[in-house]
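Visitor: Please read through the structure below; I'll follow up with questions.
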Amino acid sequence: MPGPASSPTTSKPQPQSPPFLISSLPALRSWLVTCPVAQTAVSFCPQYDAYLLIPVVCDRWSCRFCAGRKISRLAKKTEQAKPNRLMTLTVDPKVHASPRDAFDSTRRCVPELIRSLRTKFGAIEYLRVTEVTAKGWPHYHLLIRSEYLPHASVKKIWQDLTKASIVDLRQVKETFAAYSYLVKYLSKLHKIEWTERHVSYSRAFFPPAPSDDRTPLDFLHRTVEPLHPVTFLARYYSGEKITQVGRNLYLLPNEPRNPDAEPLPEPPPPSDSYSVPPQLGPPLGKTASKTIFVLNPGPTQ
């Protein structure tokens, strides 16, 4: 059984090398940067013989933090996909009652356009980014991997489908250029009130993910607290040592001390060490990177 929760220490902690001394709630927010509406998942991990804190993010494009993570992941994967063309498809505001109507009328025309082009010009894979103009009208940027596509053919099919006549098609000569195009369009995404699906892609656009021989971590007794991770740490772990052991993984020195809530299920007896075996590690990120001491963060509201 895990030992009883220790009381916050009042003596000066003995850091390993060197610690981050956090003495205020703003400083804690600066260190644990995550989604502003994140909640807190707490799970027991047998490989660490300890509880881990994992921020549960909203993963929405309208969230600046989550959008940044999604952009980074997509840009890296797109660089590996090696697209060789950039296509921009517009809508004609004169034939639609509103931007929302234009989106509803044309969003399914993009895959229909691709299907028509495949019947004439062979295999085509694509990633589509939906963007809006300053006046709110949607248009679509596509990074494409294909053989030669005649601009006139693309324009005719799109015009037949949507009555829009403006189509831009250009060659992407370098992989880095495709990466730059994607980051450019994704980074200036506006919030679109009528969809959170800013990006879609064909099934074979991205190459298969490389094999990962690391042993994934097991998470037992998972509970989700309706508190932001910063508030959670400040409320229940003032004065405790918290260790970041991977990307979005934080090792807790004991189970959460909430006198008003039922205790978490008891895990197997912990070992004397919280070090992770060398063959194990979080599915994402590197192991054991930072240690902090949360010292009297103050009010948690």
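Each reported figure results from applying straightforward, stated rules to the coordinates on display, with no laboratory input. A quick note: this is a predicted structure, and the numbers were derived from the prediction, not measured. Quick reminder, even Gly has a Cβ in these numbers, built from the backbone with ideal geometry, and neighbours come from all protein chains shown.
Visitor: If we count other beta carbons within 10 Å of each Cβ, what is the order of E131, E174, E240, fewest first?
Guide: E174, E131, E240
Visitor: Moving on to the next point. So how far apart, in nm, are the two label points at R247 and D160 if each is 7 Å from Cα heading toward Cβ?
Guide: 4.4 nm
Visitor: Okay, next question. Semi-axes of the equivalent ellipsoid for region 84-201, please: Cα gyration tensor eigenvalues, times 5, square-rooted, ordered largest first, whole Å.
Guide: Rounded to whole Å, the semi-axes are 22, 18, 11.
Visitor: Below 8 Å between Cα atoms, with a sequence gap of 6+, how large is the relative contact order for region 84-201 in percent?
Guide: Across region 84-201, relative contact order equals 40 percent.
Visitor: Let's test the formula: R0 of 30 Å, r as the Cβ-Cβ distance of L220 and V37. What FRET efficiency results, to the nearest 0.05?
Guide: Taking R0 as 30 Å, the efficiency between L220 and V37 is 0.70.
Visitor: Mind listing the long-range amide H neighbours of N84? Cut-off is under 5 Å, sequence gap 5 or more, other chains count too, H placed in the peptide plane at 1.01 Å from N.
Guide: Answer set, sorted by chain and number: I144, R145, S146.
Visitor: First select every other residue whose beta carbon is under 12 angstrom from the beta carbon of T34; then total the charges, Lys and Arg +1, Asp and Glu -1.
Guide: Around T34, the charge tally is +3.
Visitor: Right, next: Distance from the Cα centre of region 115-130 to that of region 46-73, in angstrom?
Guide: 33 Å
Visitor: While we're here: Which number gives the lysine pairs in region 84-201 that have C-alpha atoms under 19 Å apart and are eight or more places apart or on different chains?
Guide: 10
Visitor: Shifting gears a bit: For W158, W194, W31, W61, what's the fewest-to-most ordering of other Cβ within 10 Å of each Cβ?
Guide: Ranked by crowding around the Cβ, least crowded first: W194, W31, W61, W158.
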